[in-house]
Amino acid sequence: MSKRPDTPARRKRRAIRWAAALPVLLAVLTLALDFPIPTARQALAATQERFLFGPGEVVTQLDFPRSPSTRKWGQYDRYYILRSGDWYAWCGVNHYGLFWQSGGLGAVKNTPSLPLVPLTISDWADGAVLVLSNSPDIAAVEIAFHSEEGHPLLTAWETQPVQNCFVVRYQTELAWPSVSATLQVRGYGTGGELLYESPRLDTWRDMT
């Protein structure tokens, strides 16, 4: 059977059909995968809605530029630190060219009776820990990861709080997450004196 000639009129009709189908395809992708999303803030809103959080006030954001080929599962290109009443959260979203995709969220409720309340943001080689401060006397925060045997694995500091939140970033060659790793936070006064030291928390359980 001979093939029908590809005339200009036929090409025009085909282009019209594709133009009509493209919005439908994009709508299906958006509903199924929350992708593509035009802006990071829309991806943030979609993630909060999925996890039934907030909507929260953005306290600050952290950027970890990574290519899709090197990004590990559970890593995100941008983390927003959010507050909704007594609850604080990190919300991670990813960037793909011109578009964004919704991601993950972890939250913790503030405990005013504790001077410091930690929440692990990311537990890979490039990560951070959100530490809520309920003490105006604490001027610096230190995080420390310990092995199951108590050996120090990593420490990091932060001295610049944002709305009573210390976001302590770290880099390590260690493989995270590790069920045996424990997290401890310490708060220091303006003179460097130790004001508070938390019990060690299981980071795998804490990040959820």
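Per this entry, residue 105 is not counted among residues that are under 30 Å from residue 39 (Cβ atoms), open to solvent by less than 20 Å² (accessible area, probe 1.4 Å) and in contact with a Phe, Trp or Tyr (Cβ under 9 Å, 6 or more places away or on another chain).
Please verify whether the range 160-173 includes one or more residues that are within 20 Å of residue 64 (Cβ to Cβ), open to solvent by 90 Å² or more (accessible area, probe 1.4 Å), among the hydrophobic types (A, V, I, L, M, F, W, C) and at pLDDT 75 or above.
No, that holds for no residue.
Annotation note: of 82, 119, 130, the sole residue that is at pLDDT 95 or above, surrounded by 18 or more Cβ atoms within 10 Å (Cβ to Cβ) and touching a Phe, Trp or Tyr at 6+ places or on another chain (Cβ under 9 Å) is 82.
Here residue 76 passes the criteria (1) in contact (Cβ under 8 Å) with a residue 24 or more places away in the chain; (2) of a type outside the set (Asp, Glu); (3) out of contact with any Pro (no Cβ under 9 Å at 6 or more places or on another chain); (4) outside any loop (DSSP other than H, G, I, E, B) except the one numbered (4).
Within the range 111-131, at least one residue is acidic (Asp, Glu) and in contact with a helix residue (DSSP H, G or I) (Cβ under 9 Å, 6 or more places away or on another chain). Of all the numbered requirements in (1) open to solvent by 50 Å² or more (accessible area, probe 1.4 Å); (2) at pLDDT 85 or above, residue 68 misses one, and that requirement is (2). Would you mind stating whether residue 150 is at pLDDT below 90, on the phi > 0 side of the Ramachandran plot and either open to solvent by 30 Å² or more (accessible area, probe 1.4 Å) or out of contact with any Leu (no Cβ under 6 Å at 6 or more places or on another chain) (or both)? For residue 150, the condition - at pLDDT below 90, on the phi > 0 side of the Ramachandran plot and either open to solvent by 30 Å² or more (accessible area, probe 1.4 Å) or out of contact with any Leu (no Cβ under 6 Å at 6 or more places or on another chain) (or both) - is met.
Which condition does residue 62 not pass, out of (1) in contact with a Cys (Cβ under 8 Å, 6 or more places away or on another chain); (2) outside any loop (DSSP other than H, G, I, E, B), if it passes all the others? All conditions are met except number (1).
The values are calculated or read from the model by the stated rules, or taken from the named source; none is laboratory data. What you are looking at is a predicted structure, and each value in this text was computed from that prediction instead of being measured. Ideal geometry is used to build each Cβ from the backbone, glycine not excepted, and the neighbour counts take in all protein chains shown. The area values use the complete protein model at the heavy-atom level, side chains included, leaving out ligands, DNA and RNA. Shrake-Rupley method; radii C 1.70, N 1.55, O 1.52, S 1.80 Å.
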